[in-house]
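Since the structure comes first, as structure tokens, the remarks are kept for the end.
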Amino acid sequence: MLRSRAILTSRLLKSAVTKQRCAVAVAISARSKSQLAHPRIPPVKNEPVKDFGFNDQKDWDLLRASITKLTDSGPLDIPVVINGKRIHNNDVLPQVNPAKHSQVLAKVSQASPDDVASAVEAAKAAKQKWAAMPWTDRAAIFLKAADLISTKYRHDMLAATMLGQGKNVFQAEIDAVAELIDFFKFNVKYAEELYHQQPVESAPGVWNRSEYRPLEGFVYAVTPFNFTAIAGNLVGAPALMGNTVVWKPSATAALSNYLLLTILEEAGLPAGVINFVPGEPNQVTESVLSDREFSALHFTGSTDVFKSLYSKIAQNLDNYRDYPRIVGETGGKNFHLIHPSASMDHAVLSSLRGAFEFQGQKCSALSRLYVPESMWPEFKEKLVAAMGSITQGNCSDTAALNSFMGPVIHEQSFNKLSGAIDQAKSDSELEIIAGGIYDKSAGFFVLPTLIETKNPNHEFMTKEFFGPLLTAYVYPDAEYSEIMDTIDQGTKYGLTGAIFATDREAVKLAEEKLRYSAGNFYINDKCTGAVVGQQWFGGARMSGTNDKAGSGNILTRFVSVRNIKENFYELTDFKYPSNYH
């Protein structure tokens, strides 16, 4: 009997050990799937942009249907999202259509201090599992999200961006569809390349290797209203590299941003990886930046706000475990320099597009223009004529979707711009050449405005207005070289700029003298419209940290490299050969 019990006990123990080993093996297998191979991602190309021309009736119909879907049932209730859970608070902020401010698009729950604290804890709790997930699985989520945006949700993304952010259909297409998809796909390509960057040499008997760890804490992403794609990149780039994120969206982009979050969730994003906390900016920021495990700020917005956040982080350094990474893209006072040899019509039309597309609400938008005396009369005439043909209206009105310009984003922006126009009307150094009209009775509309100044150092040549205000200075042809000194030293910014010339010596001189005037410099092209993978985007000076969104460089800011040296030889003596002489 005792022997039988011993045999049974032995068998039970063996069975338990076997089950335990199987469980461990399964767990290891689950964690290490990607180690069975080094797969290559599918080929990556820029997403084709639909032009919504006369032959695209199906796309127009689908777009109208999406606009109707987002508006016919009344305002959408947008929650705070923490660890995948929807939280609907009594404290809500309406998001209105800036082209028709009587139309409330969404009622956006505002995160309480407790919500923000919970979001931080959720990000920290999700970190270990997300960081341990094979990068191919993380990558697959963003590749699937890109495909969902390209197909199933294309027209919904367009509609949400047009309604909430005042974009026309083409501007929405290149932003909320093409650029957003490009960010997700090219970031996967760049991650693959980064992971393959390894030490170039190992000594005999040694294997040197590098691993790209996510940052040890969490990332705080503060995203702007003007580009849905930028919001996607600000949360997506760090998350792809294994980080978890607390996301504070712009109040005036909540609709498109929340739709983007739901797409990421449908693509398989685990709960807690990205936590969505719309709310009062100072309140959200105060809670986030006070946490010991805050590891990085990923920001796009105004220069003043970024400087304030930078200062707060510096003041909290003793509270943090690491030196936080600070990645920011801020403002610009971007220029076109026209040389006497420039193609007149091309320079005129490029300047119009650069200044007035999306109502000048791009950080790269043209706002200061330098034209030689010999060209100015004709240049001015052609530019004013072209401006006169610009259509402006409610780009989200299903009866008229083809306006070139829409509204500015909100009443604060409208008041700033209308105040600047009023100032120009009474300033002896300024002359309004075209435009100068504004109206907020139905929506926040400011007509494209061209102002000429006799003072190259006037405030209008140095201050960012972030709207459809273009100030021109006419310089003597013989002072082409000197005017570049004014351009370079005239503002605190260094984001984008362009030279228009057919004289190659003039181009070469501008390249050299304006080397630090713009992080993105264009030759015979407008100063806006950087494409992911083609023109890496970012500026220095007070325009940001110039980490080049749209390139692999941005991903390096969200990893902490560990180098590993493995030795295969064993020492037999502690002395060096020289010790025996």
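The values are calculated or read from the model by the stated rules, or taken from the named source; none is laboratory data. Only a predicted model underlies this, so the values are computations on that prediction, with no experimental measurement involved. With ideal geometry, Cβ positions are generated from the backbone for all residues, glycine too; neighbour counts draw on all protein chains shown.
For the reader, a short list of remarks on this structure follows.
- Matching residues, the stretch 555-581, being assigned to a helix (DSSP H, G or I) and free of Cβ contacts under 8 Å to residues at least 60 places away in the same chain: Pro577, Ser578, Asn579, Tyr580
- Looking only at residues of the stretch 435-466 that are among the aliphatic types (A, V, I, L, M) and assigned to a loop (DSSP other than H, G, I, E, B), we find that the one that is nearest to the chain's Cα centre (by Cα) is Leu447.
- Residue among Val305, Val327 that alone is hydrophobic (A, V, I, L, M, F, W, C), in contact with an Asp or Glu (Cβ under 8 Å, 6 or more places away or on another chain) and within 24 Å of Ser364 (Cα to Cα): Val327
- Only one of Phe379, Phe414 that is over 31 Å from the mean Cα position of the chain (by Cα) and either on the phi < 0 side of the Ramachandran plot or acidic (Asp, Glu) (or both): Phe379
- The stretch 373-407 - residue that is in a loop (DSSP other than H, G, I, E, B) and of a type in the set (A, V, I, L, M, F, W, C) and, of those, modelled with the lowest pLDDT: Ala399
- Test: residue in the stretch 152-169 that is aliphatic (A, V, I, L, M) and within 16 Å of Ala237 (Cβ to Cβ): no
- Residues that are assigned to a loop (DSSP other than H, G, I, E, B), out of contact with any helix residue (DSSP H, G or I) (no Cβ under 8 Å at 6 or more places or on another chain) and surrounded by 14 or more Cβ atoms within 10 Å (Cβ to Cβ), drawn from the stretch 80-108: Ala99
- Selected residue (criterion: modelled with the lowest pLDDT) from residues of the stretch 50-73 that are touching a Lys or Arg at 6+ places or on another chain (Cβ under 9 Å) and either surrounded by fewer than 12 Cβ atoms within 10 Å (Cβ to Cβ) or outside any helix (DSSP H, G or I) (or both): Asp56
- Residue count, the stretch 518-554 (criterion: among the small types (Gly, Ala, Ser), assigned to a loop (DSSP other than H, G, I, E, B) and either within 15 Å of the chain's Cα centre (by Cα) or surrounded by fewer than 19 Cβ atoms within 10 Å (Cβ to Cβ) (or both)): 9
- Every condition in (1) surrounded by 17 or more Cβ atoms within 10 Å (Cβ to Cβ); (2) modelled with pLDDT under 95; (3) aromatic (Phe, Trp, Tyr) is met by Trp130 except one, and the failing one is (2).
- The set of residues in the stretch 306-330 being touching a helix residue (DSSP H, G or I) at 6+ places or on another chain (Cβ under 8 Å), touching a residue at least 60 places away in the same chain (Cβ under 8 Å) and in a helix (DSSP H, G or I) consists of Leu309 alone.
- Residue in the stretch 487-504 that is aliphatic (A, V, I, L, M), surrounded by fewer than 22 Cβ atoms within 10 Å (Cβ to Cβ) and at pLDDT 95 or above present: no
- A residue that is closer than 30 Å to Ser308 by Cα, among the basic types (Lys, Arg) and in the same structural domain as Phe358 (by TED's automatic domain parsing) occurs somewhere in the stretch 503-518.
- Sole exception among (1) free of Cβ contacts under 8 Å to residues at least 60 places away in the same chain; (2) part of a helix (DSSP H, G or I); (3) of a type in the set (D, E, K, R); (4) closer than 25 Å to Gln57 by Cα for Asp114, by number: (4)
A quick yes/no check of all residues on (1) in contact with a Leu (Cβ under 8 Å, 6 or more places away or on another chain); (2) buried (at least 19 other Cβ atoms within 10 Å of the Cβ); (3) of a type in the set (Asp, Glu); (4) over 27 Å from Met484 (Cβ atoms):
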position	(1), (2), (3), (4)
Ala347	no, yes, no, no
Glu357	no, yes, yes, no
Lys362	no, yes, no, no
Lys382	no, no, no, no
Gln392	yes, yes, no, yes
Lys425	no, no, no, yes
Phe445	no, yes, no, yes
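- Checking Lys416 against (1) within 17 Å of Lys463 (Cβ to Cβ); (2) in contact with a strand residue (DSSP E or B) (Cβ under 9 Å, 6 or more places away or on another chain); (3) not small (Gly, Ala, Ser), the condition it does not meet: (2)
- Condition check for Arg557 on (1) outside the structural domain of Phe225 (by TED's automatic domain parsing); (2) in contact with a strand residue (DSSP E or B) (Cβ under 9 Å, 6 or more places away or on another chain); (3) farther than 14 Å from Ile338 by Cβ: one failure, at (1).
- Residue in the stretch 191-209 that is surrounded by 23 or more Cβ atoms within 10 Å (Cβ to Cβ) and modelled with pLDDT of 95 or more present: yes
- Options Ala442, Ala434, Ala472: the member that is within 13 Å of Phe356 (Cβ to Cβ) and either at pLDDT 95 or above or of a type in the set (Gly, Ala, Ser) (or both): Ala434
- Scan of the stretch 467-506 for residues that are part of a loop (DSSP other than H, G, I, E, B) and in contact with a Cys (Cβ under 8 Å, 6 or more places away or on another chain), ordered by number: Leu495
- Selection count, the stretch 278-310, where residues are hydroxyl-bearing (Ser, Thr, Tyr), within 22 Å of Ile554 (Cα to Cα) and buried (at least 18 other Cβ atoms within 10 Å of the Cβ): 3
- When Gly406 is tested against (1) in contact with a helix residue (DSSP H, G or I) (Cβ under 6 Å, 6 or more places away or on another chain); (2) within 12 Å of Gln359 (Cα to Cα), just one condition goes unmet, and that condition is (1).
- Checking Gly279 against (1) more than 22 Å from Gly236 (Cβ to Cβ); (2) assigned to a loop (DSSP other than H, G, I, E, B), the condition it does not meet: (1)
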